[in-house]
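After the structure tokens below, expect a handful of questions from me.
Every read-out reported here was derived from the displayed coordinates using simple, explicitly stated rules and does not represent laboratory data. Not measured: the values here are computed from a predicted model. Positions of Cβ are generated from backbone atoms using ideal geometry, with glycine treated the same way; all protein chains shown enter the neighbour counts.
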Amino acid sequence: MVLALPLLLQGLVLAPSAAAQQAGDAAWPARPIRLVVPYAPGGGLDILARLIAPRLSERWGQGVLVDNRPGASGQLGAQLVAGAAPDGHTLVIISTEHITAPMVYRRQLYDPIASFVPIVQTGAQSYLLVVNAGVPAQTVKELVALAKARKLNYTSAGTGSVGHLSGELFKSLAGIEMTHVPYKGTGPALGDTVSGQVQVMVVNPLPAMPHIKSGRLRLLAVTDSRRIASLPEVPTIAEAGIAGFGTTGWNGLLAPAGTPRMVVARINEAVVSIVRAPELRDRMSSEGTEPIGSTPEAFRALMVSDQKRWAAVVSKMKIDAD
């Protein structure tokens, strides 16, 4: 009995703590959820966040507030979430730039994997190579010839973004020069491409498709190594003459490291249901984004594997930023 007494007392101390944890998880969400978009309004992540947020609010009975925090190719918004309380009330929606941007900046603000808990991969997409409608190039080969004849600019959502790295890879494989003009998100970069301030962009399809359909942008090719189902007539960049080219991207939700598993599971269940529902699934698919709805474990594995893949590209091309 004497030997068992400490174990009994330990159980009495631990039991309320476990019960409190379960009660806390069950009470979640206790207040509105903050969904950080680490880019300016108008980009693919911002559009997706604003499609998901009201549906989550309806399910949980709490507001889901979209908070745009652009800067440093998405790193400032992600840093804010990494430092937030790990209680499931602050989330961030990210894209592949979450792991590529830290590779090209010398100052590391967080660990893109260890500082967060993956919740769900919401989608995957090829990117699009587009030009302003006034650019006299109807094909990739004509764009390459034009870039060799005169100076062109290309833009992206920011230094270290998939658009930036894809643009640098395109330049390298095509043997051309174009000046990179980075922005604080896809929205403003896309706006200046539509207006003709810059001529070329590699862009997420979700915000770009309306401008392509209206004729303000001309779609030349997709960045994937294979054609995409929603645009079967559009060639890949590799098919269009740039052998060896192939890049893709993805998006998803993260929470601060330490967020309880039960809360992560509840968010995952809700988001998976939303992105797989016919309304949102069809909207995403029609605009070049494949709805996924993964497990947290599968999303983490994707992030780890893509981190290795992109690190090799960044190292080979010697891309960096201050």
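Treat each spin label as a single point 7 Å out from the Cα along the C-beta direction, and report the K213 to Y105 distance in nm.
Placing both labels 7 Å along Cα→Cβ, they lie 3.4 nm apart.
Another question, if that's okay. Mind pulling the angle between the C-alpha long axis of helix 4-27 and the longest principal axis of the chain? Nearest 10 degrees, somewhere in 0 to 90.
Taking the Cα atoms of the chain, the angle to 4-27 is about 40 degrees.
Quick one: which residues, 5 or more positions from V117 or on another chain, have an amide H under 5 Å from its amide H? H modelled 1.01 Å from N in the peptide plane, none for Pro or chain starts.
Correct list: A255, A257.
Right, another one. Do you know the relative contact order of the chain, to the nearest whole percent, from alpha carbon pairs under 8 angstrom that are 6+ apart?
Numbers: 657 pairs, mean separation 81.0, N = 322.
For the chain, the relative contact order is 25 percent.
Let me ask you something else. Work out the charge dipole of the chain with +1 on the Cβ of Lys and Arg and -1 on the Cβ of Asp and Glu about the Cα centre, then indicate which of G44, V162, G293 is farthest towards its positive end.
Projecting each Cα onto the dipole axis, the largest value belongs to V162.
Enumerate the amide H contacts of Q199 below 5 Å, restricted to partners 5 or more residues apart or on another chain; note that Pro and chain-start residues carry no placed amide H.
Counting only residues 5 or more places away or on other chains, the set is N153.
With contacts defined as alpha carbon pairs under 8 Å and 6 or more residues apart, what's the relative contact order of the stretch 179-279 in percent?
In percent, rounded to a whole number, it is 14.
Continuing with this model, one more query. Please give the net charge around P112, taking every other residue with its beta carbon less than 12 angstrom from that of P112, where Lys and Arg add +1 and Asp and Glu add -1.
The answer is -2.
Reported to two decimal places, what Rg/Rh ratio describes the stretch 73-231 when computed on Cα atoms with Rh from the Kirkwood expression?
1.01
At most 12 other Cβ atoms within 10 Å and a DSSP loop assignment: could you name the GluC sites (Glu not before Pro) in the stretch 86-181 that fit?
When the GluC sites (Glu not before Pro) of the stretch 86-181 are filtered for loop state and at most 12 Cβ neighbours within 10 Å, E177 remain.
So, one more: So which trypsin sites (Lys or Arg not before Pro) in the stretch 129-204 pass both tests, a DSSP loop state and at most 11 other Cβ atoms within 10 Å of the Cβ?
Counting only loop positions with at most 11 other Cβ atoms within 10 Å, the trypsin sites (Lys or Arg not before Pro) in the stretch 129-204 are R150, K151.
Which of the peptides 241-247, 119-125 is most tightly packed, and how do the rest follow, judged by the mean count of other Cβ atoms within 10 Å per residue?
Output ranking for 241-247, 119-125: 119-125, 241-247.
What FRET efficiency comes out for the pair E297/H180, r = Cβ-Cβ distance, R0 = 51 Å, nearest 0.05?
E between E297 and H180, to the nearest 0.05, is 0.90.
What percent antiparallel are the DSSP beta bridges of the chain, to the nearest 5?
Values: 25 of 41 bridges.
The antiparallel proportion sits near 60 percent.
Per 0.36 nm of contour for each residue apart, how much would the distance between I113 and A149 grow if the chain were fully extended, relative to their Cα-Cα spacing?
Here the segment from I113 to A149 would lengthen by 8.7 nm.
While we're looking at this one, here's another question. Relative to the longest principal Cα axis of the chain, at what angle does helix 296-317 sit, 0 to 90 degrees, rounded to 10?
40
Return the percentage of antiparallel bridges among DSSP beta bridges fully within the stretch 128-247, rounded to the nearest 5 %.
Working: 9 of 16 bridges.
Taking every DSSP beta bridge within the stretch 128-247, about 55 percent pair in antiparallel fashion.
Each residue of the stretch 70-75 in order: what ³J(HN,Hα) in whole Hz does its phi give by Karplus 6.51 cos²θ - 1.76 cosθ + 1.60, θ = phi - 60°, with x for Gly and Pro?
The phi angles translate into x, x, 6, 6, x, 6 Hz.
Hey, fewest Cβ within 10 Å first, where do E290, E297, E233 land in order?
Least crowded to most crowded, the residues run E233, E297, E290.
Oh, and also: With only alpha-carbon atoms in the gyration tensor, what are the semi-axes of the equivalent ellipsoid for the chain, in Å, largest first?
42, 20, 16
Just tell me which lysines come within less than 19 Å, Cα to Cα, of K316; anything on the same chain fewer than 8 places away is out.
Result set, ordered by chain and number: K171, K308.
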